[in-house]
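These notes concern the structure reproduced below.
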Amino acid sequence: MTGLYGGAFDPPHRGHVELARRGKEAFGIPRLLVLVAAAPGHKQVTTPPEVRLELARAAFPEDEVVLDDHARTIDLLRDHPEWEDAVFLVGADEFCDFLSWKEPDGILARVRLGVATRPGFPQERLSGVLEGLAAPERVSFFDMQPTPVASRELRTAFVEGDVPPAVAEIIRRDGLYRGRPGYTGAA
């Protein structure tokens with residue numbers, strides 16, 4: 001079984017690593033492919049893809065980490081039929097936007113979704129998305145402990161403990177995220 005986990009990873013943080021770890025555990029995934037979106041269709045990133053790729057490789061040393069040149073998940077999956085029936089891992093917040101993704105039912109026809117939820121997450125938000133899907137049985141949920149950190153916050157207020165040590169080292173070494181509006185870190 002193959003697991004897929006995509007994102008901008010700008011930068012990858014403890015929450016990303018924990019979601020991957022718990023997803024592999026919950027679904028018995030021996031191989032996780034971490035897909036670093038070169039130009040994500042859902043958000044603007046300013047950190048170059050090669051830098052984010054290096055950061056993701058540092059964050060996920062046990063997994064295969066590759067650059068994804070597709071702006072949309074469905075286009076990636078169409079180009080990789082060998083991943084049919086893989087488990088695509090996402091967080092609950094991302095899943096709540098799933099109906100706005102390009103061809104969500106087409107995605108579910110190709111892969112299953114593994115959605116990480118945390119204690120106290122509003123069940124009605126998840127149920128509303130499931131009701132809008134043609135194949136809600138292709139979505140499974142797994143629990144993870146909350147990790148109160150977001151990449152957007154780290155870009156403006158870098159806190160070493162919020163990223164894996166190898167990622168913190170690269171951020172320090174290369175002076176990443178300095179000079180961005182609101183940056184208050186001492187990397």
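The values are calculated or read from the model by the stated rules, or taken from the named source; none is laboratory data. Given the structure is predicted, the values throughout are model-derived calculations rather than measurements. Please note: Cβ atoms are built from the backbone with ideal geometry, for glycine as well, and neighbour counts cover all protein chains shown.
For the range 115-128, the criterion of being within 20 Å of residue 30 (Cα to Cα), at pLDDT 95 or above and not small (Gly, Ala, Ser) is met by at least one residue. Restricted to the range 57-72, and to residues there that are farther than 24 Å from residue 169 by Cβ and touching a Leu at 6+ places or on another chain (Cβ under 8 Å), the residue that is surrounded by the fewest Cβ atoms within 10 Å (Cβ to Cβ) is 70.
Just the residues that are within 22 Å of residue 98 (Cα to Cα) and in contact with a strand residue (DSSP E or B) (Cβ under 6 Å, 6 or more places away or on another chain), please, taken from the range 23-53.
23, 24, 26, 27, 32, 33, 34, 35, 36, 37, 38
Identification of strands (runs of 3 or more DSSP E) wholly contained in the range 1-105 with 3 or more residues that are in contact with a Gly (Cβ under 7 Å, 6 or more places away or on another chain), touching a residue at least 12 places away in the same chain (Cβ under 8 Å) and not aromatic (Phe, Trp, Tyr) yields 31-37.
Table: residues versus (1) more than 14 Å from the chain's Cα centre (by Cα); (2) among the small types (Gly, Ala, Ser); (3) modelled with pLDDT under 95; (4) surrounded by fewer than 22 Cβ atoms within 10 Å (Cβ to Cβ).
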{"position": "21", "(1), (2), (3), (4)": "no, no, no, yes"}
{"position": "40", "(1), (2), (3), (4)": "no, no, yes, yes"}
{"position": "55", "(1), (2), (3), (4)": "no, no, no, no"}
{"position": "74", "(1), (2), (3), (4)": "yes, no, no, yes"}
{"position": "81", "(1), (2), (3), (4)": "yes, no, no, yes"}
{"position": "100", "(1), (2), (3), (4)": "yes, yes, no, yes"}
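Figure legend. Inter-residue proximity from the range 112-123: first residues closer than 15 Å to residue 18 by Cβ, second residues of a type in the set (Val, Ile, Thr) and part of a strand (DSSP E or B), beta-carbon distance below 7 Å, spacing 6+ or different chains. Indicated pairs: 114/87; 115/90; 115/139.
Close Cβ contacts (under 9 Å, 6 or more residues apart or on different chains) running from residues in the range 160-179 that are at positive phi to residues that are assigned to a helix (DSSP H, G or I) comprise 177/154; 177/155; 177/156; 177/171.
Taken over the range 108-118, residues that are of a type in the set (A, V, I, L, M, F, W, C) and more than 14 Å from residue 130 (Cα to Cα) amount to 3. The residue list 140, 127, 100 contains one member that is under 21 Å from residue 21 (Cβ atoms) and of a type in the set (S, T, N, Q), which is 140.
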